[in-house]
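Q: Input: one structure, supplied below.
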Amino acid sequence: MIKKILLFAKSHKVISGIVVFVLCAVVYHYTLGSKAPTIVTYALGTVQRGTLVVSVSGTGQVSTSNQIDVKPKASGDVAYIAVKNGQTVKAGTLLVQIDARDAAKTLRDAQINLDSAQIAYAKLQLNQQSNIPQLQDSITNAQNNLTKGYQDGYTDVSNAFLDLPGIVDDIRGVLYDSTVRGACAPNKCEYVNLVTNDQAENLSFLIHRADTDYQTALAAYNQNFANYTATSRTADSGTIMSLVQQTINTAQLLSQAAKSEQNMLDTLVADLNATAGVQSGTSSSVPSQVTAYRTAITSDIGTLNSHNSTLTSLQNSITTNQQTLINAQRNLGIAEKSNPLDIASQANSLKHAQAALQDARDNLANYYVRAPFTGVVAKVNINKGDSISSGTPAVTMITQQGIADVSLNEVDVAKIATGQKTTLIFDAVPGLTLTGEVVDVDVLGAVTQGVVTYHVKIGFDTQDSRVKSGMSVSAAIIIDVKQDALMIPNSAIKTQGGTSAVQLPTDQTAALQMVSSIGVTTGISLPVAPRQQVITTGITNDTSTEVTGGLQEGDVIVTRTISASTTARTSTAPSLFGGGGAGAGRALGR
């Protein structure tokens, strides 16, 4: 049979070729040709505003115990205990007050800061016409004061150098003149010979220190004097200020050298007087020149202090005038051109001040321990004056209120605080949902097989007779709520390298019409690939995320990308091309 086919093919080549081609076409049609092209479609959604609730979920049981330890949220000394054992109290009743003086001061300061921020904001909002001439006069006065200050600075330096050469000579003479009687010269050598052997070593040390201070001061003086002689009264302000500062430093160094010499001379005289007192009949052995040195040095110290005070006061005055000029120029700039950003900046400052005040109020409230529910005080565990910390069981209460004991892991429990609202559902009572409030959070966790869990107790707002002790309960503890938040589905967000982004159809108008007119949000094909839009995000829950930047309400976004295989002949996906399927109509804008 095969031989006959081959023989026929050889003798009828054209017919055989046609048959082979037809067979190949059939095979292609039923194999490769039957595979439909991959069409990418998208699920679309719009950016909407709403209430975003963030909660932490946990499971547990209805507690068989109705005893709760009430713990403070702040640390400090117990200032007041408002209840006693056996007393019945209502929810919100004050149980214990902790010393809150520091917190009250913080609240007071926050209120003052808010008042200041409100005043500053009100001034900017009024946008009143400023008195330009008055501000210009302020600048002129500040400039004149600065000019006079620089002139006074040069004058004060000149006055100082009328006295400094004589003072330097006095300080030098104490050590290097040879006017004190004796065989050793200069004076610093003879001083040691005048005292007893017991004081010689101490006096030598004082002489060495005085000499060191003198040499340091002399070097500063010589450099200062050279700069002074090279500077004219008309020098620029920077040169004058530098000269003033250098002269202050010189006066301080000379004053230190003079004080060191004064200390040395006082020690010398004290030893000489003591020696004269021991040797009966001996007259005072203090050389007259030493007495003269002491008098001169004392006078020099007073003169140096006077120059130092004058120059320092002048320096501070110039600094103040410089700041006054800066402020005047800034105020004139604000008056001449109102900057809208200033108002926005001050508005932010006002918001920060308002937030700080609220934080201070919340912090102060933590120093007042109140009953989380209506019940009976079983035991007061503290005394007035005790130092307690947050988490200390201050008061034990008994309640008829239902309590749910829920377990949370170490990650979730960090987000939990007493007072947070909760919704509760019960496996044994289908359809029943109760609300409650967190009344206690474990400070220490329990470790089981390496897993740390914390118990959170939730008080029921209402009671239901169908709820029994030991029943299983699921709790959703609300940790954050944002009203009027801009929200998008979590599936729309793509994150890479810490940056979040969403995809948007390029033609927003056509996309919005598609979503609004036919109500279809899934399986939509786009004529152009969607573009990336970087966004900033806020709080998030399991389904939605708050958008704080990058999108506006009503923007159409891609919530999900869909890849589907279908034949071109049967494709019916809605399309922004304008038809019912890909290629079924013309593209928008054509």
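The values are calculated or read from the model by the stated rules, or taken from the named source; none is laboratory data. The structure presented is a predicted model; accordingly, all values stated were derived computationally and were not measured. Here the Cβ is made from the backbone with ideal geometry for all residues, glycine too, and neighbour counts use every protein chain on show.
Q: Which numbered condition trips up VAL70, out of (1) more than 36 Å from the chain's Cα centre (by Cα); (2) over 30 Å from VAL244 (Cα atoms)?
A: Just one mismatch for VAL70, condition (1).
Q: Scan the range 41-82 residue by residue and report those that are crowded, with 18+ Cβ neighbours inside 10 Å, farther than 27 Å from SER474 by Cα and of a type in the set (Val, Ile, Thr).
A: Within the range 41-82, THR41, VAL47, VAL78, ILE81 meet the criteria.
Q: Can you name the residue in the range 393-428 that is among the polar types (S, T, N, Q) and touching an Asp or Glu at 6+ places or on another chain (Cβ under 9 Å) and is also nearest to ALA91 (Cα to Cα) among such residues?
A: So in the range 393-428, the residues among the polar types (S, T, N, Q) come out as 396, 399-401, 407, 409, 418, 420, 422-423.
Adding the requirement that they be touching an Asp or Glu at 6+ places or on another chain (Cβ under 9 Å) leaves 396, 401, 418, 420, 422.
Details: THR396: 14, GLN401: 11, THR418: 14, GLN420: 15, THR422: 17 Å.
The selected residue is GLN401.
Q: Among the helices (runs of 4 or more DSSP H) contained in the range 165-281, which hold 1 or more residues that are within 23 Å of SER313 (Cβ to Cβ) and in the same structural domain as THR310 (by TED's automatic domain parsing)? Outline the logic, then answer.
A: Details: elements: 187-194, 197-229, 237-278.
Hits in the range 165-281: 197-229, 237-278.
Q: Further, regarding this structure: I'm told GLN223 meets every condition in (1) modelled with pLDDT of 95 or more; (2) crowded, with 17+ Cβ neighbours inside 10 Å except one. Can you identify the failing condition by its number?
A: Result: GLN223 fails condition (2) only.
Q: Checking ASP163 against (1) closer than 27 Å to ASP342 by Cα; (2) modelled with pLDDT of 85 or more; (3) charged (D, E, K, R), which single condition isn't satisfied?
A: (1)
Q: Taking THR319, is it hydroxyl-bearing (Ser, Thr, Tyr) and in contact with a helix residue (DSSP H, G or I) (Cβ under 8 Å, 6 or more places away or on another chain)?
A: Here the answer is no, as THR319 does not meet what is asked.
Q: Check ASP484, ASP480 and return the single one that is closer than 24 Å to ALA74 by Cβ and touching a residue at least 60 places away in the same chain (Cβ under 8 Å).
A: Every option except ASP480 fails the conditions.
Q: Would you pick out the residues in the range 393-415 that are in a loop (DSSP other than H, G, I, E, B) and more than 23 Å from GLN463 (Cβ to Cβ)?
A: Result: PRO393, ALA394, ALA414, LYS415.
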